[in-house]
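Dumping the structure here so I can ask a few things about it.
Please treat every number below as a calculation from the coordinates, not as lab data. In this text, all values refer to a predicted model and were calculated from it rather than measured experimentally. Quick reminder, even Gly has a Cβ in these numbers, built from the backbone with ideal geometry, and neighbours come from all protein chains shown.
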Amino acid sequence: MDVIKTEQLYEGKAKKVFATTDPALVIVSYKDDATAFDGLKKGTIAGKGAVNNRMSNYLMGLLEKEGVPTHFVEELSERETLVRKVEIVKLEVIIRNISAGSFSKRFGVEEGIVFDSPTIEFSYKNDDLHDPLMNAYHAIALGVATSEEIETIKALAFKVNEVLKAYFLGIGVKLVDFKLEFGRTPDGKIVLADEISPDTCRFWDAVTNEKLDKDRFRRDLGNVEGAYAEMLRRVFG
Ligand code: TMP
Ligand code: ASP
C-alpha cells in the first residue's frame, strides 16, 4: 500500500494516531504504556503494543468475515496498522457474559456468575468526567448518537459477542466481558473501531479461570507480560 505516514494527530494512553497521504486513512501505532483507573496508575507492559496490534487485527478480520464492518485496512508492522479514519462515537460499549469488575462492585455480587444472556451498558467517553455510565436516552439527549445509531451499535456489539465468545472458547478462553468503540465513516456508516485486546477484554482460562488480561496489571497480580504472551500464543499458536 503506497500510503505514507505524515504528522501525528493524537496520542492516547495506549496508542498514537498518525495522518497519512490518504485523507481517508490513518495509522495507529500501539504503545507498551499501560494505565488504569483513569490514568492514576501508570506502567509499562513490555511487548503489549505488538500483542494488542496483532490480536486486534486478527479479531477484526474474523469479525469482518462474519459481517461486522470494522475500521481495519491493513497491518503494516508489528505495532502499526492502517485503519479507516472515522469519527469516534463518544461511547464505551461494554458487553458482559460473566460478572466481574465494576459490575460486581456496583451490584455487590461476586465475580464469576455466568449470565443466562449477555448484558450491555454504555459509558460516556469523557476522561474529565471519568467515563460516567450513560443510558441510550442520555446519549440521544446529549447528541452523542442518534437512536438509529444506538440500535445499530447494540446489534453489532451483541453480534461481536457471539462471534468472539465462540472463537475464544475454541482456544480455551472464557470471554468474561469487553469494551468496544465504534466510529462513523464520512458517509455516516457505523463501523467497529479502536481495539480488541487483553487491554479491553477480560479473558479467563476456560479450565483454571486464571486471568489472562489487563486485570493482572490493574490488580498487581504479577506475570502481566506472561498473560499477554499466552493470549498471543493461543490466538496464533
Ligand atoms: P469494568 O468492569 O471495569 O467496567 O470493565 C469492563 C470491561 O471493559 C473490561 O473488559 C475492561 C474494559 N475496560 C476498558 O477497555 N477500558 C476502560 O477504561 C475500562 C474501565 C474498562
Ligand atoms: N485504560 C483505562 C485508564 O487508564 C482504564 C482501564 O483499562 O482500566 O484509565
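Can you tell me which of 122-128, 226-232 comes out highest on packing, and rank the rest after it, using the mean Cβ neighbours within 10 Å?
On the way: 122-128: 15.1, 226-232: 19.9.
So the peptides 122-128, 226-232, ranked by packing, come out 226-232, 122-128.
Further question: Per residue of the chain, what 222 nm ellipticity follows from adding -39500 (n - 2.57) for every DSSP H run with n ≥ 4, rounded to the nearest 500? All intermediate terms of the calculation are to be shown ahead of the outcome.
Details: 6 runs with 72 residues, N = 237.
My calculation for the chain gives -9500 deg cm²/dmol from helical runs alone.
Here is a further query. When a/c is below 1.5 the answer is rounded, else prolate if a/b is larger than b/c, else oblate, so apply that to the chain with a ≥ b ≥ c taken from the square roots of the Cα gyration tensor eigenvalues. Provide the component values of the computation, followed by the final result.
Numbers: a/c = 1.43, a/b = 1.13, b/c = 1.26.
Rounded.
Continuing with the same structure: Which order do the peptides 175-188, 130-143 come out in when sorted by mean C-beta neighbours inside 10 angstrom, highest first?
On the way: 175-188: 18.5, 130-143: 13.4.
My ranking of the peptides, most packed first, is 175-188, 130-143.
Further question: What are the semi-axes of the equivalent ellipsoid of segment 134-215, taken as the square roots of 5 times the eigenvalues of the Cα gyration tensor, listed largest first and rounded to whole Å? Before the final figure, lay out each step's value.
Numbers: eigenvalues 169, 33, 24 Å².
The three semi-axes for segment 134-215 are 29, 13, 11 Å.
Output ³J(HN,Hα) for segment 171-180: one whole-Hz value per residue in order, computed from phi by the Karplus curve 6.51 cos²θ - 1.76 cosθ + 1.60 with θ = phi - 60°, and x for Gly and Pro.
Using θ = phi - 60°, the values come out as 10, x, 10, 8, 8, 6, 7, 6, 10, 10 Hz.
Just to be sure I understand the rule: take each whole DSSP H helix in the chain, project its Cα atoms onto its long axis, keep it if the span is 20 Å or more and its mean Kyte-Doolittle hydropathy is at least -1.0. Which ones pass? Walk me through the intermediate numbers first.
Details: long enough: 48-65 (26 Å, -0.44); 147-170 (35 Å, 0.31).
What comes out of the filter, once short or polar helices are dropped, is 48-65, 147-170.
Taking square-rooted eigenvalues a ≥ b ≥ c of the alpha carbon gyration tensor, is segment 101-151 rounded, prolate or oblate, where a/c under 1.5 means rounded and, failing that, a/b exceeding b/c means prolate?
Judged from the Cα gyration tensor, segment 101-151 comes out oblate (a/c at least 1.5, b/c at or above a/b).
Another question, if that's okay. Cross-link list 85/211; 5/159; 41/65; 16/65; 31/174; 5/41: which exceed 29 angstrom alpha carbon to alpha carbon?
Values: 85/211 33 Å; 5/159 33 Å; 41/65 37 Å; 16/65 27 Å; 31/174 26 Å; 5/41 31 Å.
In this structure, 85/211; 5/159; 41/65; 5/41 lie more than 29 Å apart at Cα.
With Cβ to Cβ distances under 12 Å as the rule, what net charge do the other residues near residue 19 carry (K, R +1; D, E -1)? Numbers along the way, then the final one.
Numbers: positive: 5, 16, 85; negative: 7, 22.
Net local charge, residue 19 excluded: +1.
Mind sorting 88, 27 by how few other Cβ atoms lie within 10 Å of their own Cβ, fewest first? Before the final figure, lay out the partial values.
Numbers: 88 13, 27 23.
If I rank by nearby Cβ atoms, fewest first, I get 88, 27.
Let me ask something additional. Starting from the amide H of residue 177, placed 1.01 Å from N in the peptide plane, find each other amide H under 5 Å away whose residue is 5 or more places distant or on another chain.
97, 202
Also: Mind putting together the pair-distance distribution for segment 73-157? All Cα pairs, 5 Å bins, whole percent per bin, short to long.
For segment 73-157, the pair-distance distribution reads 3, 12, 18, 18, 16, 16, 11, 5, 1.
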